[in-house]
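To keep things clear, I will list the structure first and then write my remarks on it.
Readers should treat all values here as calculations from the given coordinates under stated rules, not as data from a laboratory. Here the structure is a predicted model, which means the values were calculated and not measured. Neighbour counts are summed over all protein chains in view; Cβ atoms, including those assigned to glycine, are modelled from backbone coordinates with ideal geometry.
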Amino acid sequence: MLAPVKDTVRQSATPRTMRLVTEGIGRELERFSTDNASVVKQIRLLAINALIEAARAGDMGKAFAVVANEVQRLAQTATDIAEKFESRVLGRIGLGRSMADSLVEEMEGVRLTDLAQTLVQLIVRNLFERTADVRWWATDSALWQALVEKNADTAAFAAERLGVINRFYTVYLDLVLTDLDGRVVASANPGFQKKIIGTSLAGDPWFVAARRCRSGDDYIVDEVKPSASHGGRNALVYATGVRAGGKLDGELLGTLGVYFDWQAQGQAIVEKEANLPPQVAEKTTIMLLDDKSRVIACTRPALMFTHFALQKKTGQDKGSYYDRNGAIVAFAKTLGYEDYDGLGWHSVVVQETESDEALSAALDLG
């Protein structure tokens, strides 16, 4: 009697479950083939014993010998059928297993790789706009006049102008104007102005790099890190030179640094834009890596600023693989946007896979 089939309609139809079902069918057919071979072997032995006994019986056993020979012929026929079954059906089941393995890797990997590519491109398109912002705002007359006239009134007006920008562009922590010595002349954020105005940022990498900009077309980008001037909040600074008359080739007067609020915006990308169902999000870690493989945004804050070693081939910009714990790791390098190269950042999605044992139990494939 056949065992009752467990109701598995509610189990999600995924490449992984389909592979397990295929493997389960293969195992059942292999057991059937083995059992059938055992039965045929026993029938053959019985037929041979019957022929021996028929020979001993002489003329009285001739009729029985005919039956025994027919049984032996049927046993051979059963053997031939079983061999064809193994070579054809089990061979195709084996091919199905191989195809299911490829399907699991391709569908799981491609889906998560596409997600990684989407996320890194979202933030890169956002940051492309920051490159335009800083170069545009650096031409504002209030900024270069404050650096030329160097008095309290022009500095206050520059701060006011920066403050207007900051109110409407909520993605920024602050906008900071410095002179050529790195002294802060104006700040956009009232919450930080008292602390930062008059201090020197001469040692900050972004200021040093911004001073080297050769024209108003140039800009620099610092790395994601906590800003000591802004309560240790994580920021990404875009900066350029402020030039006389707001001209692209004007004399360099100072610098403008815009502090992108990375702590809020970077986290929003990994935590909200992926839009994963709660049960999937629980087993998924999403992160952004900079060009040094530092974790600069992550759904697991404890990983911030640690290094994540991607196992990828040289020149490989996207793909997926399984780590030593069986989790799938999908990654994608930014494609850049317009004339912004994307800084070589990657998005990485690490997702725990449900064990074959758990799925087999759910599908009653034990």
Set the Förster distance to 25 Å, then compute FRET efficiency between GLU70 and THR34 from the Cβ-Cβ distance, nearest 0.05. 0.45
Starting from 0.36 nm per residue, how many nanometres of slack lie between GLU271 and ALA152 once their C-alpha separation is accounted for? 38.5 nm
Please compute the length gained on full extension between ARG183 and VAL110, using 0.36 nm multiplied by the number of residues separating them and subtracting their Cα-Cα distance. 21.3 nm
ILE81 versus ASP218, label points 7 Å from Cα toward the beta carbon: distance in nm? 8.5 nm
With charges set only on the Cβ (+1 for Lys and Arg, -1 for Asp and Glu), what does the dipole of the range 128-265 come to about its Cα centre, in debye to the nearest 20? 200 debye
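Please sort 188-200, 34-46 by packing, taking for each peptide the average over its residues of neighbouring beta carbons within 10 angstrom, highest first. Intermediate results must be reported in sequence, preceding the final value.
On the way: 188-200: 15.7, 34-46: 13.5.
The densest-packed peptide leads the list: 188-200, 34-46.
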Relative contact order computed over the range 128-265 (Cα-Cα under 8 Å; 6+ residues apart), in percent: 28 percent
Which of the peptides 65-75, 205-215 is most tightly packed, and how do the rest follow, judged by the mean count of other Cβ atoms within 10 Å per residue? 205-215, 65-75
Which shape class applies to the range 128-265: rounded if a/c is under 1.5, otherwise prolate when a/b exceeds b/c and oblate if not, where a ≥ b ≥ c are the square roots of the Cα gyration tensor eigenvalues? rounded
Cα to Cα, under 18 Å, and not fewer than 8 places away if on the same chain: which lysines meet these conditions relative to LYS283? LYS272
For each of LYS333, LYS225, count neighbouring Cβ atoms within 10 Å of the residue's Cβ, then give the residues from fewest to most. LYS225, LYS333
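Multiplying the sequence separation of LYS292 and ILE52 by 0.36 nm and subtracting their Cα-Cα distance, what value in nm do you get?
On the way: separation 240, 0.36 × 240 = 86.40 nm, distance 8.27 nm.
My answer for the length gained is 78.1 nm.
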Taking the highest mean first, how do the peptides 304-311, 280-287, 175-182 order by number of other beta carbon atoms within 10 angstrom per residue? 175-182, 280-287, 304-311
Using only the alpha-carbon atoms of the range 186-237 as identical scatterers, what base-10 log of I(q)/I(0) does the Debye formula give at q = 0.23, 0.24, 0.30 Å⁻¹? -1.01, -1.07, -1.22
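Test of understanding: ordering TYR322, TYR172 by Cβ neighbours within 10 Å, fewest first, what list do you get?
Numbers: TYR322 14, TYR172 22.
Listed from fewest to most nearby Cβ atoms, that is TYR322, TYR172.
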Quick one: order LYS312, LYS84 by neighbouring beta-carbon count within 10 Å, fewest to most. LYS84, LYS312
